[in-house]
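Notes follow once the structure below has been shown.
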Ligand SMILES: O=C(O)[C@H]1O[C@H](OP(=O)(O)OP(=O)(O)OC[C@H]2O[C@@H](n3ccc(=O)[nH]c3=O)[C@H](O)[C@@H]2O)[C@H](O)[C@@H](O)[C@H]1O
């Protein structure tokens, strides 16, 4: 049986020459030490090899399962992407719309496609509100030749792949964690989508060659506790009242950095309480409609000193015109491959209606269109991120984007109610009490 001393492999190859004929006690001692060191070394090698093979097996399993479960990738998928992104005529835009299965995303995607631009959608179909509504919007888009990729902004590999397959001239970034009051329940979802997701997207945009121009959704909520009305873009925005508002404000600063360092063309749009058909079920006009029809009470918040809350409610078709106007006037990004070549446009616009309406008036318009009386429960506005009023000054958007809202709340809600009843029916699947 060979002893450990017979091990033919020195621990440091070529450093020691083992002389088996040398029987000096010192040498024997040295030899024993040396042998145990080499044994240790062998064991270490063995353990490293074992760990390495375990890790590579794990990554094989991970990538294998990703390949099996991923909802994207493959030749057919790339073909769908390219077809969807193809503009007619070729001089038109090729736009990546994030949040395409969302309320504003769906309307903007349809409007772009209708005028001949190429559109690829991206949406993670999260369950913040009923994902079946998002799936229905996706079907609508698909019927109009718009391909919506199911994926998240935080999946950088996917984002990179989209830009590898398609040369996007523009990005319309609408994906976000929305909702002012929900930020108290799930603060991290705002950081994930509105901060981390935004940075991921900008990283990919800045490295793209050519870089796209970016238009993205900020929010009227950045004005926070500002009391000067109407709100102008130059007014202070350093007093956010909610984490949602704070993440949108942070987005404005983050996009400024990417404009400054990498030459990305950036346009931020401060939307003012957008409403309309295919809207968001979490918003007041939508949930009020549902509750009124189901005979359930609605909670109407009221400000300090019994002052009614008011919003500059803005109809979706007007917002879409503002978005398209922004894309068309965005100007080019100047960088390529992550290097800035010159100054690029950095713009921020209010997209509002310029005529605030109180929440009780909103309710009475809904009652009229629904022909049902609401069971109102009026309570003092809880300190949960809400602001008492919003009112947009839109002179910048008017002069630079040709933005001109034309739909008042009466008319817009009539269209919303018509859509709501055709989509859900009168009772939203439940009997009226
Ligand atoms: O402009 C924006 O940037 C934001 O607009 C929207 O926020 P808000 O203006 O707060 O809209 P929304 O929730 O419809 O509440 C409307 C009014 O009804 C009141 N309200 C609300 C709920 C309720 O149960 N009762 C009530 O009185 C409430 O107090 C408020 O006065 C978007 O959701 C947000 O994502 C963001 O885009």
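The values are calculated or read from the model by the stated rules, or taken from the named source; none is laboratory data. Since the model is a prediction, treat every value here as computed from it, not as a measurement. Heads up, the Cβs are rebuilt from the backbone with ideal geometry, glycines too, and the neighbour counts pull from every protein chain shown.
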Check: So, in segment 201-236, of the ones that are in contact with a helix residue (DSSP H, G or I) (Cβ under 7 Å, 6 or more places away or on another chain) and farther than 24 Å from residue 105 by Cβ, which residue ends up surrounded by the fewest Cβ atoms within 10 Å (Cβ to Cβ)?
Finding: 235
Next item on the list: Give segment 247-264 a look and list any residue that's surrounded by fewer than 21 Cβ atoms within 10 Å (Cβ to Cβ) and away from the ligand (no atom under 16 Å from the Cβ), or say none.
Entry: 253, 254, 256, 257, 260, 261
Next item on the list: Kindly indicate whether residue 364 is free of Cβ contacts under 8 Å to residues at least 24 places away in the same chain and within 16 Å of the ligand (Cβ to nearest atom).
Entry: yes
Notebook entry, point to check: Across segment 115-161, what is the total count of residues that are assigned to a strand (DSSP E or B) and under 25 Å from residue 196 (Cα atoms)?
Noted result: 9
Checklist line | Whichever residue in segment 176-191 is more than 13 Å from the ligand (Cβ to nearest atom) and assigned to a loop (DSSP other than H, G, I, E, B) and, among such residues, is surrounded by the most Cβ atoms within 10 Å (Cβ to Cβ) | finding: 186
Next item on the list: Go through segment 118-143 and give me each residue that's touching a helix residue (DSSP H, G or I) at 6+ places or on another chain (Cβ under 8 Å) and buried (at least 21 other Cβ atoms within 10 Å of the Cβ).
Entry: 118, 119, 120, 121, 122, 123, 137, 141
Margin query: Whether any residue in segment 297-306 is over 27 Å from residue 420 (Cβ atoms) and either in contact (Cβ under 8 Å) with a residue 24 or more places away in the chain or crowded, with 23+ Cβ neighbours inside 10 Å (or both) is what I want to check.
Written below: yes
Check: Of the residues that make up segment 144-151, is at least one in contact with a helix residue (DSSP H, G or I) (Cβ under 6 Å, 6 or more places away or on another chain) and surrounded by fewer than 16 Cβ atoms within 10 Å (Cβ to Cβ)?
Finding: yes
Item checked: Pair list, Cβ < 8 Å and 6+ apart or interchain, from segment 179-207 residues that are outside the structural domain of residue 262 (by TED's automatic domain parsing) and modelled with pLDDT under 95 to residues that are away from the ligand (no atom under 13 Å from the Cβ) and part of a helix (DSSP H, G or I) -> none
Next item on the list: Hey, can you tell me all the residues within segment 369-390 that are within 11 Å of the ligand (Cβ to nearest atom) and within 28 Å of the chain's Cα centre (by Cα)?
Entry: 382, 384, 385, 386, 387, 388, 389, 390
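Kindly evaluate residue 170 against the criterion of being buried (at least 19 other Cβ atoms within 10 Å of the Cβ), under 17 Å from residue 109 (Cα atoms) and assigned by TED's automatic domain parsing to the domain that holds residue 220. Give the derivation first.
On the way: buried (at least 19 other Cβ atoms within 10 Å of the Cβ): yes; under 17 Å from residue 109 (Cα atoms): yes; assigned by TED's automatic domain parsing to the domain that holds residue 220: yes.
For residue 170, the condition - buried (at least 19 other Cβ atoms within 10 Å of the Cβ), under 17 Å from residue 109 (Cα atoms) and assigned by TED's automatic domain parsing to the domain that holds residue 220 - is met.
Quick grid of which residues meet (1) at pLDDT 95 or above; (2) within 7 Å of the ligand (Cβ to nearest atom); (3) in the same structural domain as residue 212 (by TED's automatic domain parsing):
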position	(1), (2), (3)
271	yes, yes, yes
286	yes, no, no
293	yes, no, no
296	yes, no, no
305	no, no, no
323	yes, no, yes
326	yes, no, yes
Note to self: Is it the case, given these coordinates, that residue 280 is closer than 25 Å to residue 316 by Cα and either without any contact (Cβ under 8 Å) to a residue 40 or more places away in the chain or in contact with a helix residue (DSSP H, G or I) (Cβ under 7 Å, 6 or more places away or on another chain) (or both)?
What the structure shows: yes
Item checked: Elements of type helices (runs of 4 or more DSSP H) in segment 215-334, at least 3 residues being within 21 Å of the chain's Cα centre (by Cα) -> 243-262, 316-328
